[in-house]
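To start, the structure under review is shown below, and the notes come after it.
The values are calculated or read from the model by the stated rules, or taken from the named source; none is laboratory data. Model, not experiment: these values are computed from the prediction. Counting neighbours? That spans all protein chains shown, and the Cβs are built from the backbone with ideal geometry, glycine included.
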């Protein structure tokens, strides 16, 4: 927020305003209807990133394995798969805005996960893997609800956006462990839905 402020006092004021409206900070302080504050992580590296992935969701739209009022940690085994998945979602957002001009930098976050997951890698025809969100997302939320009811940690599944890629979704914050910063990647759209990728470091 530094570019928005002329001095430290203004920056502190902006930080206070941001904090009052931050979904992550609200969730960490008092929780939400679908995300108790006690479920979030504290005192671990990059806890803010972990908690944010669960505190922020699309308010009027479900995603493949999470409802509209609770996020999840989506990951993949290869950065190329992550870029294909993220790029696809951003391309759709640009299509909704009717403007395919954007430059977005993404930080790679490496994490480890353990426990029992539903494994869909041998079921590429499962309805939840349908590339059409109106089909795949409701079916995926049924699978996620099943995983949660069975006290499983998440779902492993073949990437819908990157042929041969493997994705993982963690359904609970404490499943995401040992998070470290990886590389930086720049995605650039120049007037068309196709985007270029530059690995910054």
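The rows are residues; the columns are (1) modelled with pLDDT under 95; (2) touching a helix residue (DSSP H, G or I) at 6+ places or on another chain (Cβ under 7 Å); (3) farther than 19 Å from residue 116 by Cα.
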| residue | (1), (2), (3) |
| --- | --- |
| 152 | no, no, no |
| 155 | no, yes, no |
| 160 | no, yes, yes |
| 164 | no, no, yes |
| 168 | no, no, no |
| 180 | no, no, yes |
| 188 | no, no, yes |
| 191 | no, no, yes |
| 197 | no, yes, yes |
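For the stretch 94-111, the candidate set comprises residues that are part of a helix (DSSP H, G or I) and without any contact (Cβ under 8 Å) to a residue 40 or more places away in the chain; within that set, the residue that is surrounded by the fewest Cβ atoms within 10 Å (Cβ to Cβ) is 96. So, residue 114, is that one within 19 Å of the chain's Cα centre (by Cα) and either crowded, with 18+ Cβ neighbours inside 10 Å or touching a residue at least 40 places away in the same chain (Cβ under 8 Å) (or both) or not? Criteria met by residue 114. Listed by position, the helices (runs of 4 or more DSSP H) enclosed by the stretch 1-93 that each have at least 2 residues that are under 21 Å from residue 109 (Cα atoms) and at pLDDT below 80 are 23-30.
Taking each residue of the stretch 117-130 that is at negative phi and at pLDDT 95 or above and looking for partners that are part of a loop (DSSP other than H, G, I, E, B) and surrounded by fewer than 17 Cβ atoms within 10 Å (Cβ to Cβ) with beta-carbon atoms closer than 9 Å, six or more apart or interchain, yields 118/150; 120/126; 129/123.
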